[in-house]
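Below is one structure, written out as structure tokens, with a few remarks after it.
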Amino acid sequence: MNRTDKIRLIVVLLVVVGALCFAWLERDGLNLGLDLKGGAHIVLQAKDTPENPLRDDSIDRLLAVLRNRIDQYGVAEPIIQKSGSDRIIVDLPGIQDPAAALELIGRTAQMDFREVLDASGRNVPVEPQRRNYDSDIQFVNAQERWKEEVAKLSNASADLIVHAKETEGSLVAPAEDPGVFYLLGPVVLSGKDLVNAEMAPDSLGRMGVSLEFNSEGARLFEEATARMVGKQLAIVLDNVVISAPVVQDRISGGRAQITGRFTAEEAGRLAIMLKAGALPVAVEIAENRSVGPSLGADSIRQGLQAGMFGAVMVLVFMLIFYQFRGLAADLALAVTIVLIFAGLIAFNATLTLPGIAGIILTLGMAVDGNVLIYERIREERNAGKTPMASLDAGFRKALVTILDSNITTLIAALVLFYFGSGSVRGFGVTLSVGLVASVFSNIVVTRAILQLFVKRGKEIVKR
Amino acid sequence: MSMLRLDFDFMKIRKPALTISLVLVIASIVLLLTRGLNLGIDFTGGNVIQVEFDNRPDVANVREVISSIVAKGAMIQNFGEKGIIIRTNEDTEESREAVVKALQKTYSDVKVTGFEKVGPVVGGELRRQAIIGVSIALVAILIYITLRFQFRFAVVSVVPLVHDVIIALGFFSITQMEISSSFIAAILTIVGYSLNNTIIILDRVRENWGTLSRDGIVNLVNKSLNQTLSRTINTTLTTLFPVIALCVWGGPVLAAFSYAMLVGIVAGTWSSMFVATGLLCEWQGKK
């Protein structure tokens, strides 16, 4: 065994053992994409509205509020990052209730206290039900009357809007009950004067949120309640009146309780949103994907299954067609797979479902290098060279071809990585890592193994 | 096998082969223009809801239940063994919630396993990204081959790529399989694979280039094709095995990707052997 062969063998052993150890020790470091482990992927788009124009720091403040909310909600390893100039990507792995999470991060949660100046009468009557009427005609008439009532109610809110124009800083807001509108005075106190908010049931056992104001807020609240005894004070959340209690007495001490029609979960979320603060700008859900854990597990299982069957077919084919040179190729393929996983962990890449497909595809493409080399060696041998010389020439001539063909595919893979997003990007990474790993296996690993055989005097190529 | 002296006259049929390819490409383009592609919500925006039942009802039954909520054109399909997948073109959160509520009201055993919503802005961006991405890849590859080989080789190796991509798109137009963002990955992989094949054959042509004046271009190309034939067959097989495994066992999420690869590999092998080489013969012969 000459010097070069020794060095090559040592390099192969070092790389393989190193990659195996690394992959084994860091096996928890392999990131699975949300499509495999389940979770929610939400893209928020900040909206530029006249009331809340987008400024340079809007997105950063938005990020801070979202981080705060998600941390308090308790999601393990969330990813919250800026994307472009006006978007935020939120990845929440493994959450059970994606709809709740969406509400938590998508809602502005701007809370104001305002004086109630006027209200448009009453609730919308219940829609008539067919079974309460004797005939179709009666039912249709009842429906007509009901529609008129609803129309009248919406006209009433139009009156309020006219009044609202007369008073500076006032607002017409709907209540949670359909058909009820309030004319509200200027903001007395807002959510930014809060120091704490907690979910708490009131004395009747209804779910609510208890609020604690800072000293400025406490002073404003006391002044307002003193002035408004006997009047209604509205608590407005995102321009909807969630409750409008009558002020019984002046309230000092900076504490208040809001009650609405909440479930315990809703009250808990509201408390988190109020504590973390309102979103500085309104957001829109641009993209929202959620994969349940069972669907993800199915995908992994199916991916592994396809990978195993594919790998076995390739391994068997190479063994049958190239016999023990096929064995060398199979060993090299095993090394390629180890290197791919080690590489993915080292680059902190995320394995997605298309990524798994990329690895499976790499299995087939990886042995291409071996096929090229073996066919070359055969040609050289047929041309009458010695086993050693044909091995050498075969590798040398195939090398250029292998590099050319892999570099062009690598160009496509890098473009995917650069321009793709999400799972497509994951595919680009796996394909790139797979290409580099397979070229190394083809050129170095296979060579080291074959060199050993040839040195032992084996005829590696049938003539 | 190794003793066999391969000597097929591939280039004898280059004109019929090129004609077949041309017909397929034109047919694909006509299909794309008339029938179009079934673009998924990644590109169009919309809602996809995946649900699972203990006792799966008929698709028609589910359609009935949600027909009052979603506008026409909702796509409802069986998914896996217990699942149903519902796709609507409405891209609001409210529309999704309404569908889920209606399902829960009718079926007590329904479980939402996943959903996707893509707004219209993102969809448009993805479409643009896809076109830019594929174009940049093609230009970059063209430049690389021009540098490594010569411009003529670059052109005859890019034509098959366009051929393969159009045929793969044509296949998706016929089958109306849904195209999602991972389809872009499949297309670029097809480009990479087909190119791989073409380059290996052209590489051999370049190696044999010295005998051009003696053999003539047709014989030279034939010799190169025969020399690389067993490699072409073996690599096509070893790549097809995993892709077939993906088609059979890879599950419904990967189905479109897997079939795109399958068509792409077949088209890619064909185009490397006949289109790239055939064009080179025609072009060189003109001179």
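The values are calculated or read from the model by the stated rules, or taken from the named source; none is laboratory data. These numbers were taken from a predicted model, which means no experiment stands behind them. As a convention, Cβ positions derive from the backbone with ideal geometry for all residues, glycine included, and neighbour counts pool all protein chains shown.
Which one of these is buried (at least 21 other Cβ atoms within 10 Å of the Cβ) and either at pLDDT 85 or above or more than 10 Å from every other protein chain (Cβ to nearest Cβ) (or both): B:I174, B:I143, B:I199, B:I184? Lay out the reasoning, then the answer.
Details: B:I174 fails: buried (at least 21 other Cβ atoms within 10 Å of the Cβ); B:I143 fails: buried (at least 21 other Cβ atoms within 10 Å of the Cβ); B:I184 fails: either at pLDDT 85 or above or more than 10 Å from every other protein chain (Cβ to nearest Cβ) (or both).
None of the other options fit; the residue is B:I199.
For the range A:253-281, enumerate the residues that are buried (at least 20 other Cβ atoms within 10 Å of the Cβ) and aliphatic (A, V, I, L, M).
Residues satisfying the conditions are A:A256, A:I258, A:A267, A:L270, A:A271, A:I272, A:M273, A:L274, A:A276, A:A278, A:L279, A:V281.
Tally time: how many residues in the range A:339-350 are assigned to a helix (DSSP H, G or I) and out of contact with any Phe, Trp or Tyr (no Cβ under 8 Å at 6 or more places or on another chain)?
Going residue by residue through the range A:339-350, those that are assigned to a helix (DSSP H, G or I) are A:339-346.
Restricting the remaining residues to those that are out of contact with any Phe, Trp or Tyr (no Cβ under 8 Å at 6 or more places or on another chain) gives A:340-341, A:343-344.
Here the count works out to 4.
Tell me the residue from A:D91, A:D86, A:D112 that is closer than 30 Å to A:M228 by Cβ and charged (D, E, K, R), please. Reasoning before the result, please.
Details: A:D91 fails: closer than 30 Å to A:M228 by Cβ; A:D86 fails: closer than 30 Å to A:M228 by Cβ.
Only one candidate passes the filter, namely A:D112.
For the range A:231-243, name all the residues that are surrounded by fewer than 19 Cβ atoms within 10 Å (Cβ to Cβ) and either hydrophobic (A, V, I, L, M, F, W, C) or at pLDDT below 85 (or both).
Result: A:D238, A:N239, A:V240, A:S243.
Inspect the range B:206-219 for any residue being in the same structural domain as B:I141 (by TED's automatic domain parsing), crowded, with 24+ Cβ neighbours inside 10 Å and part of a helix (DSSP H, G or I) and give the result as yes or no.
Just the residues of the range B:206-219 that are in the same structural domain as B:I141 (by TED's automatic domain parsing), to begin with: B:206-219.
Checking which are crowded, with 24+ Cβ neighbours inside 10 Å leaves us with none.
No: zero hits.
Evaluate the following for A:F395: is it of a type in the set (A, V, I, L, M, F, W, C) and within 11 Å of chain B (Cβ to nearest Cβ)? Please lay out each step first, then the result.
Working: of a type in the set (A, V, I, L, M, F, W, C): yes; within 11 Å of chain B (Cβ to nearest Cβ): no.
In short, no.
Among the residues of the range B:78-137, which ones are part of a strand (DSSP E or B), within 24 Å of the chain's Cα centre (by Cα) and facing chain A (nearest Cβ under 9 Å)?
Residues satisfying the conditions are B:E116, B:V118.
Among the listed residues B:S271, B:S224, B:S230, identify the single one that is more than 30 Å from B:N89 (Cβ to Cβ) and surrounded by 24 or more Cβ atoms within 10 Å (Cβ to Cβ). Give the steps one after another, and end with the answer.
Values: B:S224 fails: surrounded by 24 or more Cβ atoms within 10 Å (Cβ to Cβ); B:S230 fails: surrounded by 24 or more Cβ atoms within 10 Å (Cβ to Cβ).
Being more than 30 Å from B:N89 (Cβ to Cβ) and surrounded by 24 or more Cβ atoms within 10 Å (Cβ to Cβ) holds for just one of B:S271, B:S224, B:S230, which is B:S271.
For the range B:237-262, which positions are more than 9 Å from chain A (Cβ to nearest Cβ) and modelled with pLDDT of 90 or more? If you could, list the steps in order and put the result at the bottom.
Filtering the range B:237-262 for residues more than 9 Å from chain A (Cβ to nearest Cβ) gives B:255-256, B:259-260, B:262.
Selection gives B:Y259, B:A260, B:L262.
Identify the residue in the range A:1-41 that is among the acidic types (D, E), part of a helix (DSSP H, G or I) and closer than 22 Å to A:V433 by Cα and, among all such residues, is modelled with the highest pLDDT.
Residues of the range A:1-41 among the acidic types (D, E): A:5, A:26, A:28, A:35.
Still in the list and also part of a helix (DSSP H, G or I): A:5, A:28, A:35.
Restricting the remaining residues to those that are closer than 22 Å to A:V433 by Cα gives A:28, A:35.
Working: A:D28: 78, A:D35: 82.
Of everything passing the filter in the range A:1-41, A:D35 is modelled with the highest pLDDT.
Yes or no, residue by residue, for (1) outside the structural domain of A:V247 (by TED's automatic domain parsing); (2) touching a Lys or Arg at 6+ places or on another chain (Cβ under 7 Å); (3) at pLDDT below 75:
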position	(1), (2), (3)
A:L117	no, no, no
A:E127	no, no, yes
A:F139	no, yes, no
A:Q143	no, no, no
A:K147	no, no, no
A:V162	no, no, yes
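State whether the residues of the range B:152-164 include one that is touching a residue at least 24 places away in the same chain (Cβ under 8 Å) and either among the polar types (S, T, N, Q) or within 8 Å of another protein chain (Cβ to nearest Cβ) (or both).
Checked the range B:152-164: at least one residue is touching a residue at least 24 places away in the same chain (Cβ under 8 Å) and either among the polar types (S, T, N, Q) or within 8 Å of another protein chain (Cβ to nearest Cβ) (or both).
Restricting attention to the range B:12-51, which residues are in a loop (DSSP other than H, G, I, E, B) and at positive phi? Step through it out loud before you land on a result.
Of all residues in the range B:12-51, those in a loop (DSSP other than H, G, I, E, B) come to B:35-37, B:40, B:45.
Result: B:G36, B:G45.
If a residue must be more than 7 Å from chain B (Cβ to nearest Cβ) and part of a helix (DSSP H, G or I), how many such residues does the range A:281-310 contain?
The number of residues fulfilling the criteria is 8.
For the condition more than 17 Å from A:D118 (Cα to Cα) and modelled with pLDDT under 85, what is the one hit in A:L194, A:L220?
Values: A:L220 fails: modelled with pLDDT under 85.
Answer to the check: A:L194.
Please determine, by comparing only the residues of the range A:403-458 that are in contact with a Pro (Cβ under 7 Å, 6 or more places away or on another chain) and hydrophobic (A, V, I, L, M, F, W, C), which one is farthest from the other protein chains (Cβ to nearest Cβ).
So, considering only residues that are in contact with a Pro (Cβ under 7 Å, 6 or more places away or on another chain) and hydrophobic (A, V, I, L, M, F, W, C), the one farthest from the other protein chains (Cβ to nearest Cβ) is A:V454.
Can you tell me which of A:L184, A:L160, A:L220 is among the hydrophobic types (A, V, I, L, M, F, W, C) and more than 30 Å from A:V150 (Cα to Cα)? So that I can check it myself, show each step before the final result.
Values: A:L184 fails: more than 30 Å from A:V150 (Cα to Cα); A:L160 fails: more than 30 Å from A:V150 (Cα to Cα).
The match here is A:L220.
Please go through the range A:377-392 and give me each residue that is basic (K, R) and within 9 Å of chain B (Cβ to nearest Cβ), ordered by number.
Residues of the range A:377-392 basic (K, R): A:378, A:381, A:385.
Scanning the range A:377-392 gives A:R378, A:R381.
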